[in-house]
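Let me give you the structure first, and then I'll get to my questions.
The values are calculated or read from the model by the stated rules, or taken from the named source; none is laboratory data. The model shown is predicted, which means the values in this text are computed figures rather than measured ones. Here the Cβ is made from the backbone with ideal geometry for all residues, glycine too, and neighbour counts use every protein chain on show. Side chains are part of the model used for accessible areas, which takes the heavy atoms of the whole protein and leaves out ligands, DNA and RNA. Shrake-Rupley method; radii C 1.70, N 1.55, O 1.52, S 1.80 Å.
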Amino acid sequence: MGSSAAANLWVLLGLGIAGIFIMSKKIKKTVKADFGVFVERFQLLPPPQPAPPKAPHPLTGFSFAVSDMSCCCFEVHLCSFFDFVPFTRFDVDGYITGFGNPDWARTHKPASQTSPVVLTLVEGGSTCVGKTVVDEMAFSITGENKHYDTPTNPASTARVPGGSSSGAAVAVAANFVEFALGIDVVGDVRVPAAFCGVLGFRPSHGAVSHIGIIPVASSLDAVGWFAKDPKILGLVGHVLLQLPFGVQRNPRSVIIADDCFELLKTPVSRITESVIRSTEKLLGKQVLKHVNLGEYISSKVPSLKTLHSNKANVEVKPSSLKSLAYTMQLLWRHEFKNNHGEWIKSEKPILDTVVTARMHDSLDMTNTEIENIQSVRNDLKSALYALLKDDAILVLPSVLDPPPKLGAKELSSEDYLIRTFSLMSLASMSGCCQVTIPMGFQDKSPLSVSFIARHGGDRFLLDTTKLMYASLQEQADSVGKSNLSTNVLSNEASAEIAKEKGNQAYKEKQFKRAVDLYSEAIKLNSNNATYYSNRAAAYLELGSYIKAEADCTNAIDLDKKNVKSYLRRGTARELLGYYDGAIEDFKYALVLEPTNKRASTSAERLIKLFQ
């Protein structure tokens, strides 16, 4: 071959490689016009508006989409292990379901009637515009589907949208519809809402009719919905839950699950500070409370320990939240296999390896094991009802990690699944209602927070979301825009959080933990007399009188009018045998507060004894 021919060959080869590189970049960046949302487009139009003076339909002018979980026209009775309620399919008249798998569509007939849930929304004035992609057989939480491709996450195009109701979440996030329906089993609405930066609502189990739903795990299934606007989220809820309009009840307690936020891999201050500031602004500081949710569940759900005590393959004792996640996963896989195992066995569909593996790992449970899981669910429901019964809201992260990148190895990791389920299992296993609320972005990934209310508290939770939404966004934006010059403010806010946690620990008589938390507050802000004084109170309970005296002296140096510090130092000095100093402290407390009975009584008693 001549030199010129060789040169031409190298040029062609170079152009070919460059072309492949360019094409690969184009393919990588290609986003479908509909973001890969829809499996099928159609229109179900609402009825005409009623004549005045009757009010228009509540959902007039809105469009919505439904997850592709509608199916054949004949009725199949599939029972929940715990509820023993028959379920039929989720039908749209004349259309065949895909259920995330083409073989499902191939083996089922078109529906002969439309699901009552869809009809209720259409009759409420909205237009149904189509069916959206779900994970294969709705048996995942990633949003990836090898048959119908993965919908593009508008909030972060290189990351998964979350599933199984991926298409419904993307349809709302991309503004194709005002709201969309999904089925939340183990987080299938809450996870994609968090990943796509939209509102997602899982109602109390059984609050929305299950007639027409393809069961995934029947005792965990709930019809959920997505929206961007909290008002629309609430309107959809009022229609689906058939709620009469009533007086709004504000939360009497906003309980922050501190240990759950500590599990986050990303900085949590933006979320927790935003919630705290919004609560203080709208409801008052006295409403805020803190809880170690893992410890609470461990003490209130004894059946959880019994269920996992005989597991020989568990090398390290899992936390109560992880144990709950394992329990939900066991139930999820078992009920899915019970509902769909025979179809898979007879039709031999082409399934993703992840679905096949989970089917293989599903265990046939004995009646005793089923009863044990039911005990866990009953105990958990009672525990959360006791925590949330008096118009309380539980605050926790929606998810513990940012949305994984498309094709990431962690998506098939059992550890990732359990980590995600550790939060999702609370509402799924107890039947409580939960909402996911977007909180802006951090490092180009969506942030969110979740509120949980007791079972049956759906309207209360929807109203609370509407009440707090704008303030949460405002505070999240404010905290997010903070620069280095406001680090002192952040430290002060973090110190206040530590102090409030300390106060809660003190009330629960966890005095050592209270000392640690007050110490954390002092480390963040050493110029606050209250932190020293509160730590002194905890030291007194622990019998550390010298440390208590020293803390009170520090507090008095910072605030000469801190009555509690004089009283506590007086008590410490009395117990140390420094009676003259104790009398002086009690007398000075009386000067500051002449009506203080404790100071008066203590001073008089010591004067009689030692002067």
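With farther than 16 Å from Tyr545 by Cβ and basic (Lys, Arg) as the only criterion, which of Arg598, Arg573, Arg569 stands out?
The match here is Arg598.
Select from segment 261-281 the residues that are closer than 11 Å to Leu447 by Cβ and part of a loop (DSSP other than H, G, I, E, B) and write down the one among them that is least open to solvent (accessible area, probe 1.4 Å).
Leu264
Separate question: Looking at segment 300-308, is at least one residue in a helix (DSSP H, G or I), crowded, with 21+ Cβ neighbours inside 10 Å and either at pLDDT 95 or above or in contact with a strand residue (DSSP E or B) (Cβ under 7 Å, 6 or more places away or on another chain) (or both)?
No, segment 300-308 has no match at all.
Can you list the helices (runs of 4 or more DSSP H) found entirely within segment 524-611 that contain at least 1 residues being within 41 Å of the chain's Cα centre (by Cα) and closer than 19 Å to Arg513 by Cα?
The helices (runs of 4 or more DSSP H) meeting that bar are 529-542, 545-558.
Among Lys560, Lys466, Lys501, Lys507, which is the only one that is touching a residue at least 24 places away in the same chain (Cβ under 8 Å), of a type outside the set (A, V, I, L, M) and over 30 Å from Gly237 (Cβ atoms)?
Unique residue meeting the criteria: Lys501.
Take the conditions more than 22 Å from Trp104 (Cβ to Cβ), among the β-branched types (Val, Ile, Thr), touching a helix residue (DSSP H, G or I) at 6+ places or on another chain (Cβ under 6 Å) and surrounded by 14 or more Cβ atoms within 10 Å (Cβ to Cβ) and apply them to Val395. Does it pass? Break it down into steps so the answer makes sense when it comes.
Working: more than 22 Å from Trp104 (Cβ to Cβ): yes; among the β-branched types (Val, Ile, Thr): yes; touching a helix residue (DSSP H, G or I) at 6+ places or on another chain (Cβ under 6 Å): yes; surrounded by 14 or more Cβ atoms within 10 Å (Cβ to Cβ): yes.
Yes, satisfied.
Of all residues being acidic (Asp, Glu) and open to solvent by 40 Å² or more (accessible area, probe 1.4 Å) in segment 433-487, which is modelled with the lowest pLDDT? Just the residue, please.
Looking at residues that are acidic (Asp, Glu) and open to solvent by 40 Å² or more (accessible area, probe 1.4 Å), I get Asp443.
Checking the condition farther than 22 Å from Met424 by Cα and of a type in the set (A, V, I, L, M), which residue from Leu264, Leu240 passes?
Matching residue, one of Leu264, Leu240: Leu240.
Evaluate the following for Ile497: is it at pLDDT below 90 and open to solvent by less than 30 Å² (accessible area, probe 1.4 Å)?
Against the criterion (at pLDDT below 90 and open to solvent by less than 30 Å² (accessible area, probe 1.4 Å)), Ile497 qualifies.
Residues Gly206, Gly200, Gly212: which one is out of contact with any Leu (no Cβ under 8 Å at 6 or more places or on another chain), on the phi > 0 side of the Ramachandran plot and open to solvent by less than 10 Å² (accessible area, probe 1.4 Å)?
Gly212
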